[in-house]
Amino acid sequence: MAIFFFGCQDNYKRVGDEKQIEIYPQGIAQNFELTYTETTEELESEDKGSSRVIAILKSPVSEDFDNMLFKYRTFPEGLEVEYYDQDNKKSTISADYGIIYSQTSIIDLRGQVVIETHDGKKLETSQLYWDRKAEWIFTQEKFTFTNPQDGTVMDGEGMDFDRDFSFFKANKTYGLMTINEEES
């Protein structure tokens, strides 16, 4: 009987995907709020000058993984970003989950992602990437784009566009789109 129980012992060494390495953030912030600003002119270390708010990022929880080789910050309980254009007009982005990759300046938003611009345009999708350096936004997921100015409601899959929706390219589209024709 003792041989039977000894033979059933688990001597299996866990490797690969089975052996998960625990990763811990270097910091966790609750009720996180970060304000991005820029100055109108370049300042030296002791100079005083004026600045303007570019964006305000808010989240119930932020996890900082800057202690990793590939640095990033997560927002596991969602986030909201208010961003302002040159005329100080506010637009918002919200998502159920977010990751900011520090070294590449890419932001990955997931869950119910909604962008609402100051002029009423609205984009809804399940995942969205924002390249902060190029100021370019893109998704390969299904989306709904609403433009109340011309009555457009467009559904589709995959699109990319600039920050203020002045240029966008949709891959597969279907829905109602109004096209203004000029009279000759």
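Here, each number is a calculation from the coordinates, and none is a lab measurement. Because the structure is predicted, anything quoted here is derived from the model rather than measured. Glycine gets a Cβ as well: all are built from the backbone with ideal geometry, and neighbour counts include every protein chain shown.
Take the cross-link list Lys58/Lys90; Lys71/Lys122; Lys122/Lys172 and give me the ones stretching past 20 Å between alpha-carbons.
Beyond 20 Å between Cα atoms: Lys71/Lys122.
Filter the GluC sites (Glu not before Pro) in region 46-139 down to the DSSP loop ones having no more than 13 other Cβ atoms within 10 Å, then list what survives.
Glu46, Glu135
For Lys122 paired with Thr92, estimate the spin-label separation in nm (one decimal), with each label point 7 Å from Cα along the Cα-to-Cβ line.
About 1.1 nm separates the two model spin labels.
Given the Cα-Cα distance of Tyr129 and Ile23 and 0.36 nm per residue of separation, how much length would full extension add, in nm?
That works out to 35.8 nm of additional length.
Answer with one residue from Gln112, Met154, Ser59: the one whose Cα lies farthest towards the positive end of the charge dipole of region 19-161, charges on Cβ with Lys, Arg +1 and Asp, Glu -1.
Gln112
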